[in-house]
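Engineer: Questions regarding the structure given below will be posed in turn.
The values are calculated or read from the model by the stated rules, or taken from the named source; none is laboratory data. In this text the structure is predicted, and so the values were computed from the model without any measurement. Neighbour counts run over all protein chains shown; Cβ positions are idealised from the backbone, glycine included. The accessibility values were calculated without ligands, DNA or RNA, using every heavy atom of the protein model including side chains. Shrake-Rupley method; radii C 1.70, N 1.55, O 1.52, S 1.80 Å.
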Amino acid sequence: MAMAWVWSGMVVLSLLFGIATGTLDAVAAAAVEGAGSAVELSLSMAGVLCLWSGVMEIMNVCGLSGGLARAFRPLLRRLLPEACRDEETMAAVSANVSANLLGLGNAATPLGIRAARRMARGCGGVASDELCRLVVLNTASIQLLPATIASLRAAAGCRTPFDILPSVWFSSVLSVTVGLLVSWVLSRRGRGRP
């Protein structure tokens, strides 16, 4: 709801400034051009996202995503010991981490929401330390293959959309490490309070 107000305010302000400066025609032309660019970008991204969603589905069918999820379970059991007691929650967390690893944020979101809902049961409306760590893992996820970013770059005309891989690997490992470290420090600090 708040974003609707923000976007509406931006449109109204643009129109008002266009009227005040006598450039309403330029504002209208920019709006039409922006809408056309948005449709073009959406269509080009849809193709790439369909491709990677298909790859994810093939990985599910052949069992590769399950193997990837199983490979992460020992680490996830250390990070989320309470969640590992429920097999369905751990399956959702493992699948979520696997999808994020492949850069499939759109595919990872429903899995993350399902895991978060299961982890939030019995918390009394206050996020547990583990739920906060899950949010950190989702927000700063390590990406081996940044499919969404690559699709944006390809849609913008980049001939080598995956040449950012070393930077993505470094920054995602760094962000997850810092995020988990801060989460750990804050959870320890929170327990020290009466």
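Engineer: Any residue in the range 92-105 that is closer than 12 Å to S141 by Cβ sitting within a Cβ distance under 6 Å of a residue that is in a helix (DSSP H, G or I) and among the aromatic types (F, W, Y)? List the pairs, counting only those 6 or more apart or interchain.
Structural biologist: These pairs meet every condition: V97/F72; L104/W52.
Engineer: Take L15 and tell me if it is under 24 Å from L134 (Cβ atoms), open to solvent by 60 Å² or more (accessible area, probe 1.4 Å) and in a helix (DSSP H, G or I). It would help to see each step written out before you state the result.
Structural biologist: Working: under 24 Å from L134 (Cβ atoms): no; open to solvent by 60 Å² or more (accessible area, probe 1.4 Å): yes; in a helix (DSSP H, G or I): yes.
The answer is no for L15.
Engineer: Return only the number of the condition from (1) touching an Asp or Glu at 6+ places or on another chain (Cβ under 9 Å); (2) not in a helix (DSSP H, G or I) that R114 does not satisfy.
Structural biologist: In the conditions (1) touching an Asp or Glu at 6+ places or on another chain (Cβ under 9 Å); (2) not in a helix (DSSP H, G or I), R114 misses (2) alone.
Engineer: Shifting gears a bit: Hey, can you tell me all the residues within the range 25-50 that are in contact with a Leu (Cβ under 7 Å, 6 or more places away or on another chain) and either exposed (fewer than 10 other Cβ atoms within 10 Å of the Cβ) or over 30 Å from A147 (Cβ atoms) (or both)?
Structural biologist: Hit for the range 25-50 is V27, nothing else.
Engineer: Would you confirm whether any residue within the range 71-81 is open to solvent by 50 Å² or more (accessible area, probe 1.4 Å) and assigned to a loop (DSSP other than H, G, I, E, B)?
Structural biologist: The answer is yes, given that some residue of the range 71-81 is open to solvent by 50 Å² or more (accessible area, probe 1.4 Å) and assigned to a loop (DSSP other than H, G, I, E, B).
Engineer: Sticking with this one: Just one of M3, M90 is surrounded by 10 or more Cβ atoms within 10 Å (Cβ to Cβ) and either aromatic (F, W, Y) or part of a helix (DSSP H, G or I) (or both); which is it?
Structural biologist: Testing whether each residue is surrounded by 10 or more Cβ atoms within 10 Å (Cβ to Cβ) and either aromatic (F, W, Y) or part of a helix (DSSP H, G or I) (or both) leaves just M90.
Residues checked against (1) within 30 Å of A38 (Cβ to Cβ); (2) surrounded by 13 or more Cβ atoms within 10 Å (Cβ to Cβ); (3) hydrophobic (A, V, I, L, M, F, W, C):
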| position | (1), (2), (3) |
| --- | --- |
| S94 | no, yes, no |
| L102 | yes, yes, yes |
| A115 | no, yes, yes |
| C123 | no, no, yes |
| V126 | no, no, yes |
| V135 | yes, yes, yes |
| A140 | yes, yes, yes |
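Engineer: Anything in the range 122-180 that is under 16 Å from L104 (Cβ atoms), among the β-branched types (V, I, T) and assigned to a helix (DSSP H, G or I)? List them, or say none.
Structural biologist: Listed by number, the residues that qualify are T139, T148, I149, V168.
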